[in-house]
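Just below is one structure, and these are the notes that go with it.
Please treat every number below as a calculation from the coordinates, not as lab data. Keep in mind that this is a model prediction, so the values were computed, not measured. Cβ coordinates were reconstructed from backbone atoms using ideal geometry, including for glycine residues, and neighbour counts include every protein chain displayed.
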Amino acid sequence: MTDLVRPTPGSGDIQYGEWIGRIALALIFLFNGFGIVDQSRAAQELAAHRTPTALVPLLIITGRVLQIAAGIALVVGWHERVAAIFGGLCFVAFRSIPSLPSHIAEIHAPASR
């Protein structure tokens, strides 16, 4: 019988799995950040939901810069917890701030019944 030993963090298999996961996740961020994944649909949806047209390019560029920074931070392993918290806060900001004009317009729109 072989003894089943739970691997410790930083040992063999876990170390390689951690790096594969980091690089795979970082590639998603980097592909979006460098424009390999097209952002025109995201820009159209922002404009369709009444985000001011002048803000759409600024939001897309800001998102790309943050995605490049997050991708590099993931690969390098720079302050993982800080990067995760910052990434979560950025996600909330980029999901809620552009949708505010849309929700405000819906609240103040006359009822069409």
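Remarks
- Mean Cβ neighbour count within 10 Å, used as a protection proxy, ranking 22-30, 63-71, 38-46 highest first: 63-71, 22-30, 38-46
- All-pairs Cα distance distribution in region 13-104, expressed in whole percent, bin size 5 Å: 2, 13, 20, 22, 17, 11, 8, 4, 2, 1, 0
- Calculated FRET value between Q44 and I68, using beta carbons and R₀ = 22 Å, to 0.05: 0.50
- Distance between the 7 Å Cα→Cβ label points at W78 and F91: 2.1 nm.
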